[in-house]
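The values are calculated or read from the model by the stated rules, or taken from the named source; none is laboratory data. Small disclaimer: the values here were computed from a predicted structure and weren't measured. Cβ placement follows ideal geometry from the backbone for every residue including glycine, while neighbour counts extend to all protein chains displayed. Calculation scope for accessible area: heavy atoms of the full protein, side chains included, ligands and nucleic acids excluded. Shrake-Rupley method; radii C 1.70, N 1.55, O 1.52, S 1.80 Å.
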Amino acid sequence: MASRKKLIAGNWKMNKTSADAVALVQELVGAIGRQVDVDVVVCPPFTALEGVGKVLEGSSVKLGAQNMHFEANGAYTGEISAPMLRALFATHVILGHSERRAYFGETDALVNKKLLAALKNQLRPILCVGETLAEREAGTTLKVVQTQLEAGLDGVSKELASSIIVAYEPVWAIGTGKVATTEQAQEVHGFIRGLLTKLFGEALAMRVRILYGGSMKPANAPELLAQKDIDGGLIGGASLEARSFVDLVNAAAAK
Ligand code: 13P
């Protein structure tokens, strides 16, 4: 089995002022700033990127954004571009989160444009895919995930494919406390690995990290992280507090 380093990413969503964000990340750096067994990324809101980035300097924790525009600059009021993120030393960007899709009308085509722009600017995209409860109940989970993944990765070259990170986030598990069972999660993760194999070949597909997201907590993480195709977590609620996030990183390090 290919050994993929586990990755724990915190998606802080629309939480924390820049001062609160700096305070949290100072605690994190104190506890896990030298963690090398697990890759750790924090994704604060745009307004806190610079402050958080300064605290992260010299640590092993990486900086990510939660969204970006696909153009480098121009008349796009309220938007932020990949070069702007790079200038703040961000290395990762979450794209296609279900909240962006549901509340801001992001389509697969738009997510794809953003993903290609991220890769062009040496940002590692964390591409989010996942079904709603209605889709799961209708038995269309795998079809939905396949469409989102294939459309999101359209036009990605093999050379750049290894920079991609995929996050499977069942919408019904996000912020609900309702976590997918290990069987449900592993089934979709294995399916995603199969799709990546078809797109990019086995060697590459075995190197891509596939994260699980949706009510991941220190209590349920060890079992999820033990699944063969679950390579880490994209954490919402439990990333907003140092203790639970550190526990998640430690759970990943123990695998
Ligand atoms: P929760 O961990 O709060 O369920 O959020 C998951 C998520 O959406 C991460 O992107």
Calculated from backbone phi, Karplus (6.51, -1.76, 1.60) coupling profile of the stretch 224-238 in Hz, x at Gly/Pro: 5, 6, 7, 6, 5, 10, 9, 9, x, x, 10, 10, x, x, 6
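Given the peptides 117-125, 55-63, 69-77, arrange them by the average over their residues of other C-beta atoms within 10 Å, most packed first.
117-125, 55-63, 69-77
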Nonlocal amide H pairs with GLY233, under 5 Å, H built at 1.01 Å: LEU7, ILE8, ALA9, TYR212
The chain pair-distance distribution - Cα-Cα, 5 Å bins, rounded %: 1, 6, 15, 19, 21, 18, 13, 6, 1, 0
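With only Lys, Arg, Asp and Glu charged, each at its Cβ (+1 for the first two, -1 for the last two), find how big the charge dipole of the stretch 1-127 is about the Cα centre; round to the nearest 20 debye. Don't skip to the answer; put the middle values down first.
Working: 15 positive and 11 negative charges, 70 e Å.
The dipole of the stretch 1-127 has a size of about 340 debye.
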Size of charge dipole - the chain - debye, nearest 20, with Cβ of Lys, Arg +1 and Asp, Glu -1, no other charges: 440
Size of electric dipole in the stretch 66-187: Cβ of Lys, Arg +1 and of Asp, Glu -1, about Cα centre, debye, nearest 20: 360
Listed pairs LYS158/LYS178; LYS62/LYS228; LYS13/LYS228 exceeding 32 Å between Cα atoms: LYS158/LYS178
Dipole axis of the chain (+1 Lys, Arg; -1 Asp, Glu on Cβ), positive-most option in THR182, LEU224, GLY201: GLY201
The stretch 124-214 - convex hull of the alpha-carbon atoms, volume per residue in Å³: 85
Percent carbon-and-sulfur accessible area, the stretch 1-74, ignoring ligands, DNA and RNA, probe 1.4 Å: 49
For the chain, with +1 on Lys and Arg beta carbons and -1 on Asp and Glu, the positive-most of SER3, PHE191, GLY213 along the dipole: SER3
For the stretch 1-71, fraction of C-alpha pairs farther apart than 15 Å, in %: 52
At 0.692 mPa s and 37 °C, Stokes diffusion of the stretch 192-255 via Kirkwood alpha-carbon radius, µm² per second: 263
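How much accessible area per residue does the chain have, counting only protein heavy atoms and a probe of 1.4 Å, in square angstrom? Provide the component values of the computation, followed by the final result.
Numbers: 11170 Å² over 255 residues.
Accessible area per residue, the chain: 44 Å².
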